[in-house]
Amino acid sequence: EIVVRNHTSLQGAAGAYPSPSSHRNMTRRWLEAFKFTCYLSLPVFLTVVVAGTPQNLATIIKNRSYVVYPPEAEGLPSSDEIMDMVKKNREDRK
């Protein structure tokens, strides 16, 4: 009688020999954990280092003013002046 056994049954209950795919999975897990840690910690670290002091933050804001507003114009007309303009325009149409 010939007995054929599965190769996994020879390893025992604890699995004496790790498979190559489990080593790759463990390496991938460590790599993903490392990338995730860098993804979270690097922006926080750079924010603390670069903009941690008020002086650095003020310098960055002054150097990076992307929006430049035009100088203020004369004030808007009051509601009485607007009503006078409307009345004048109505009279001009007639």
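What follows draws every value from the coordinates through simple rules; no lab data is involved. All of these numbers come straight from a predicted model, not from anything done at the bench.
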Worksheet item: Hey, what's the Cα Rg ratio for the range 19-94 versus the globular rule of thumb, 2.2 N^0.38 Å?
Response: 2.69
Worksheet entry | Integer Hz, Karplus 6.51/-1.76/1.60 couplings in order for the range 57-70, x for Gly and Pro | 5, 5, 5, 5, 5, 5, 6, 10, 7, 6, 9, 10, 7, x
Worksheet item: Tell me, what ³J(HN,Hα) does each residue in the range 74-90 have, in order and in whole Hz, if you take phi through Karplus 6.51 cos²θ - 1.76 cosθ + 1.60 with θ = phi - 60° and put x for Gly and Pro?
Response: 4, x, 6, x, 6, 5, 5, 5, 5, 5, 5, 5, 5, 4, 5, 5, 5
